[in-house]
Structures are given as C-alpha cells and as structure tokens.
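See below for the structure under consideration.
What follows draws every value from the coordinates through simple rules; no lab data is involved. These numbers come from a predicted model, not from an experiment. Note: ideal-geometry Cβ built from the backbone for every residue, glycine included; neighbour counts use all protein chains shown.
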Amino acid sequence: MGELYDINGLQMHVETHGDGEPLLFLHGGLGAGDNWQYIFSAPPSGFRLIAPDQRGHGASTKTAVGECTWCTPTSCVAPNAAGMRRRFSRTSS
C-alpha cells in the first residue's frame, strides 16, 4: 500500500519498502511501481526502495483526455525523478 505525494504538481502514488539508502525504482511503459516485485524477491537489504507509479500509470494522476500518457525521459521522467530525490532524500522526514 502506498501514499500520494505532490511531486512537481502531480499526485504520485509511491510505495516505500525497507530502510537505508534511497533506491528509486522506475517502471517501464504500461507498468506500475509495484513491478519491483518482478525484479527483486524482497526489497534489497540496506536500501529504502522507492517505487512510484509514473504519471498516467497505476494510482498516480491520470492525463487529460487527448493528452499522451507516454512521457519521454526529458519531458517528465527526469524532472519527476529529481522531485522524488528531493522528497525522499535521507534528510527528509
């Protein structure tokens, strides 16, 4: 179960698991944040796994009618990843 966070004006659904250094898991197109379970049998030891549903996917903000749901790395993936880094840095509470 995750929570919604405001990241760059977008309500992103994010699951976090484990404790330690932040490890951001970004799913591919048509995926969701919980797809990490297909990569790892358990959250990696020593890391806090941060697994967002990217824009238009899972429980995150859906796009407007007629707006493309596919984000290019520079249009929204990189800025949202930077926003996640700021939100989930080890110094944030």
Can you compute 3J(HN,Hα) from phi for each residue in the range 22-30, using the Karplus curve 6.51 cos²θ - 1.76 cosθ + 1.60 with θ = phi - 60°, rounded to whole Hz and x for Gly and Pro?
x, 10, 8, 9, 10, 6, x, x, 6
In µm²/s, what is D for the range 14-63 at 37 °C and 0.692 mPa s, where D = kT/(6 pi eta Rh) by Stokes-Einstein and Rh is the Kirkwood radius from Cα pairs?
298 µm²/s
Phi angles of the range 6-14, converted by Karplus (6.51 cos²θ - 1.76 cosθ + 1.60, θ = phi - 60°) into ³J(HN,Hα) in whole Hz with x for Gly and Pro, give 7, 10, 6, x, 10, 7, 9, 7, 9
Taking a crude spin-label model, label points 7 Å out from Cα along the C-beta direction, the A78 to T16 distance in nm is 2.6 nm
Inter-label distance for L24 and M1, nm, one decimal - labels placed 7 Å from Cα along Cα-to-Cβ
2.7 nm
